[in-house]
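Below is one structure; the comments refer to it alone.
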Amino acid sequence: MLTKNKPLDGVTVLEFSQFLSGPVAGLRLADLGARVIKIERPGSGDLCRTLYLSDTDLGGDSTLFHAINRNKESFAANLKDEEDLKKIKKLIEKADIITQNFRPGVIDRIGLDYENVKKINPKIIYGSISGYGDKGPWKDFPGQDLLAQSRSGLVWLNGNGGEAPTPMGLAAADMLAGHYMVEGILAGLVKSLKTGIGSKVETSLMEALLDFQFEVLTTYLNDGNRKPVRSSYNNAHAYLSAPYGIYKTKDGFIAIAMTPVPALGKLLNLQEIEKYTDQKEWFTKRDEIKKIIGDWLINENTKFWLDILQPADIWCSEVLDWDQMMKNEGFKIVDMLQRITRSDGLDIQTLRCPIRIDNQIFKSEKAAPIVGQDTKKIIQEFSL
């Protein structure tokens with residue numbers, strides 16, 4: 001069911017963003033009802049259109065572009081062309097929010113930095129995402145996800161101890177920065193509604209990843225700067241003791257979270273670990289304990305172990321791949337899938353907005369636009 005009334009109905013966003021982080025912010029604002037007008041270069045458009053995750057092409061654009069740019073309009077404009085820039089400035093007069101994720105200094109040279117934009121529209125909420133902020137030795141480095149993960153220390157938490165540090169298998173920095181940008185923009189929007197004064201909202205991939213690690217970094221900062229030690233056997237969290245990890249079973253894998261080791265041993269009929277009654281040993285002998293558990297769990301199927309552990313309220317789970325997950329009623333009940341259609345009839349399946357408000361879920365049938373698809377309509381509507 002499509003939701004007719006959404007919280008951000010009537011709010012207009014100009015998206016001068018490309019790739020992932022900025023468009024992720026625009027995606028969520030659009031899902032919540034905002035009108036998002038994507039400003040794209042004529043012809044080629046957002047470079048994300050050709051940033052492929054696989055060899056799948058959907059109507060000339062990457063699946064990644066379609067995933068991140070649904071519910072948006074496309075206005076083609078050359079920001080180095082004076083006539084096009086005049087049109088953009090007229091659009092800014094009518095907008096509520098701007099997002100941009102150019103490298104530091106680029107937007108200033110175009111003349112669309114916050115100081116110039118707020119002269120056109122004092123109430124504007126101006127959101128900027130960079131790789132590492134606009135100061136310091138990293139400011140001109142590419143704001144790319146893997147590079148940011150590597151500089152942030154995040155990759156040193158992943159993978160088994162003694163092996164290479166492991167990045168997350170997702171564009172975590174881009175996604176997090178986009179969502180943090182939405183938080184700041186919505187706070188600025190509330191301020192603007194109350195005071196009539198706009199705001200400049202900024203974040204970066206680095207700040208997003210540092211905040212993502214706030215729990216473990218706080219431990220590090222207040223624990224004599226002791227570095228975390230990754231478990232060399234089934235590492236899942238560098239700061240957590242045995243049995244925390246994912247274990248191979250006869251037919252798959254099982255995840256076991258925080259639980260007292262002796263209690264787990266009793267349930268599993270594994271007397272070898274019942275002797276570890278000193279909680280400190282769950283840390284100091286973590287690999288030893290986990291290896292004993294792993295050698296035991298592989299002898300039976302995942303369901304066999306779940307049937308023992310789940311009734312005892314042990315925090316555990318089967319490990320599902322996407323095929324298995326999507327067949328499960330637990331996935332079906334959250335109703336996360338939707339179909340979207342482009343103006344030329346291209347039909348795509350994707351995910352919906354994960355937020356529910358007043359018991360309503362937000363779906364939309366509108367796919368990502370073709371480059372410049374809405375330029376003529378917007379020129380007429382705003383008398384540009």
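Just so it is clear, none of the values below were taken in a lab; they were calculated from the coordinates. Model, not experiment: these values are computed from the prediction. FYI the Cβ positions are ideal-geometry reconstructions off the backbone, even for glycines, and counts take in every protein chain you see.
When restricted to Cα atoms, the chain yields an Rg and a Dmax of 24.8, 79 Å, respectively.
How large is the charge dipole for region 253-318, taken about the Cα centre, if only the Cβ atoms of Lys, Arg (+1) and Asp, Glu (-1) carry charge, to the nearest 20 debye? Can you show the working numbers first?
Numbers: 8 positive and 11 negative charges, 29 e Å.
Roughly 140 debye for region 253-318.
With K and R counted +1 and D and E -1, the other residues having a Cβ less than 13 Å from that of Val36 yield a net charge of -1.
From least to most packed, judged by other beta carbons within 10 angstrom and beginning with the fewest, Thr99, Thr50 follow the order Thr50, Thr99. With the cut-off at under 18 Å, measuring from each backbone N in region 284-310 to a point 7 Å along the Cα-to-Cβ line of Lys250 picks out 293-310. Residue farthest toward the positive end of the dipole of region 253-318, with Cβ of Lys/Arg at +1 and Asp/Glu at -1: which of Ala255, Asn269, Thr284? So the residue we want is Thr284. With the biggest extent put first, the Cα atoms of region 286-338 measure 46, 22, 20 Å across the principal axes. If you take the beta carbon distance between Ala164 and Asp335 as r and set R0 to 35 Å, what does 1/(1 + (r/R0)^6) give as a FRET efficiency, to the nearest 0.05? Efficiency, rounded to the nearest 0.05: 0.35.
When the Cα atoms of region 253-318 are aligned to their principal axes, the ranges along those axes come out at 30, 22, 18 Å in descending order.
Could you tally the net charge around Gly265, taking each other residue with its Cβ under 10 Å from the Cβ of Gly265, Lys/Arg +1 and Asp/Glu -1?
Details: positive: Lys266, Lys275; negative: Glu272, Glu274.
That sum, taken over residues with Cβ under 10 Å, equals 0.
Overall, the chain carries a charge dipole of about 1000 debye about its Cα centre when +1 sits on the Cβ of Lys and Arg and -1 on the Cβ of Asp and Glu, all other atoms neutral. The loop-placed trypsin sites (Lys or Arg not before Pro) in region 280-384, going by DSSP, that have at most 13 neighbouring Cβ atoms within 10 Å of their Cβ come out as Lys280. Near Glu202, the amide H atoms lying under 5 Å from its own belong to Ser128; only residues 5 or more places off or on other chains count, and H is placed 1.01 Å from N.
Ordering of 163-169, 203-209, 138-144 by packing is 203-209, 138-144, 163-169, highest average first (other Cβ atoms within 10 Å, averaged per residue).
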